[in-house]
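Structure first, then comments.
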Amino acid sequence: MALARVKLADSPSARFDAEILMAHVLESTRSFLYANPELEPPNPRSEAFKKLVKQRALGQPIAYLTESSEFWSLPLKVNPSVLIPRPDTERLVEAALSKIPVEADWRIADLGTGSGAIALAVASERKKCEIHATDISSEAIEVARENARSLGLDHIQFYCGSWSAPLKGKFHLVLSNPPYIDGNDQHLEKGDLRFEPRGALTPGQDGLRAINEISHLARNMLVDGGWLMFEHGWDQGPATRQILQDAGFTDIETQQDLQNHDRVTVGVFNVSSDSGVPVNPYQQQ
Ligand code: GLN
């Protein structure tokens with residue numbers, strides 16, 4: 001363990017990392033390690049531990065090494081085909097739950113579901129809703145299905161395909177945490193982001209591209225009065241509100257994350273006040 005901490009010295013959480021990895025190879029918990037400080041793992045587990053420490057020293061996120069994460073207090077499997085769920089994304093779940101009545105039997109779509117985190121969190125709180133979640137990555141859908149199975153949440157359907165393409169019928173709520181980081185953003189080359197699926201982080205050069213595309217698709221998905229809700233970057237609040245407004249949404253509002261940054265924007269689709277098909281600048285290119 002001590003050696004592992006030295007190897008991980010570049011990580012600000014070296015001790016914590018070493019303990020988590022040791023607990024993982026022992027299929028145990030950190031508190032068990034504290035109760036048994038002299039414990040050394042037998043081979044081949046000690047080899048497995050050394051390998052994980054090496055990968056961590058190269059920057060691999062702990063969540064990928066242990067294939068586990070937590071979101072909305074739900075234990076989730078993650079691997080490099082899905083984003084590691086962020087605490088800020090719980091704001092999107094809260095925004096959704098604040099609109100879905102407890103006993104509602106809404107049809108809800110989660111576009112770009114990844115590990116299924118958002119869809120599963122909403123499903124865990126709204127048992128009567130019918131939730132449909134898509135992802136372009138078949139590996140991601142496999143992870144999301146496994147998470148739904150292990151959490152025993154069977155009122156979600158997962159589909160492999162682009163945004164709304166696999167979905168039929170109308171929805172009361174469309175949710176998405178789409179890729180929104182500008183393709184030139186230096187953060188993509190730093191920390192955990194280097195190891196996460198690029199397509200889940202950035203839609204390419206223009207960070208707003210997916211938000212724009214989904215806003216236009218959502219017009220054909222929502223019932224009259226249905227909600228569209230996005231997670232977006234801390235500096236994308238005004239632009240996201242503008243996109244929703246241009247796409248004919250009303251009652252547009254932005255909510256802040258734990259650091260008080262703009263993070264979630266919501267809007268309502270009103271068939272009655274809709275004045276026709278707006279121009280989608282992205283379809284003209
Ligand atoms: N919130 C993530 C980050 O900034 C990005 C997730 C996303 O693009 N949807 O690291």
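The values are calculated or read from the model by the stated rules, or taken from the named source; none is laboratory data. These numbers were taken from a predicted model, which means no experiment stands behind them. All Cβ positions, even for glycine, are placed from backbone atoms using ideal geometry, and neighbour counts span all protein chains on display. What goes into the accessible areas is simple: the full protein's heavy atoms, side chains included, and nothing from ligands, DNA or RNA. Shrake-Rupley method; radii C 1.70, N 1.55, O 1.52, S 1.80 Å.
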- Task: Give me the pairs, please: first residue somewhere in segment 188-203 and of a type outside the set (Asp, Glu), second residue anywhere and in a helix (DSSP H, G or I) and more than 8 Å from the ligand (Cβ to nearest atom), beta-carbon distance under 7 Å, and either six or more positions apart or on two chains.
- Result: Phe195/Tyr64; Leu201/Leu188; Thr202/Leu188; Pro203/Arg209; Pro203/Ala210
- Task: Check whether at least one residue in segment 165-185 is assigned to a loop (DSSP other than H, G, I, E, B), within 12 Å of the ligand (Cβ to nearest atom) and open to solvent by 40 Å² or more (accessible area, probe 1.4 Å), and report yes or no.
- Result: yes
- Item | First in segment 83-107 and more than 16 Å from the ligand (Cβ to nearest atom), second anywhere and of a type in the set (Phe, Trp, Tyr) and open to solvent by 20 Å² or more (accessible area, probe 1.4 Å), Cβ under 7 Å, 6 or more apart | Lys99/Trp227; Ile100/Trp106
- Task: Output the residue which, of all residues in segment 205-224 that are more than 20 Å from Pro166 (Cβ to Cβ) and away from the ligand (no atom under 12 Å from the Cβ), is least open to solvent (accessible area, probe 1.4 Å).
- Result: Asn212
- Query: Do the conditions hold for Arg145, that is, is it away from the ligand (no atom under 16 Å from the Cβ) and touching a strand residue (DSSP E or B) at 6+ places or on another chain (Cβ under 7 Å)?
  - Reply: yes
- Task: Quickly run through segment 255-272 and pick out the residues that are modelled with pLDDT under 95 and open to solvent by less than 10 Å² (accessible area, probe 1.4 Å).
- Result: none
- Task: May I ask you to list pairs of residues, at least six apart or on different chains, whose Cβ atoms are under 8 Å apart, with the first in segment 218-238 being under 22 Å from Pro101 (Cβ atoms) and of a type in the set (A, V, I, L, M) and the second being assigned to a loop (DSSP other than H, G, I, E, B) and open to solvent by 10 Å² or more (accessible area, probe 1.4 Å)?
- Result: Ala218/Ser164; Met221/Ser164; Met221/Leu167; Met221/Lys170; Leu222/Lys170; Val223/Lys170
- Query: Hey, among the residues in segment 121-172 that are in contact (Cβ under 8 Å) with a residue 60 or more places away in the chain and among the polar types (S, T, N, Q), which one's farthest from Ser81 (Cα to Cα)?
  - Reply: Ser150
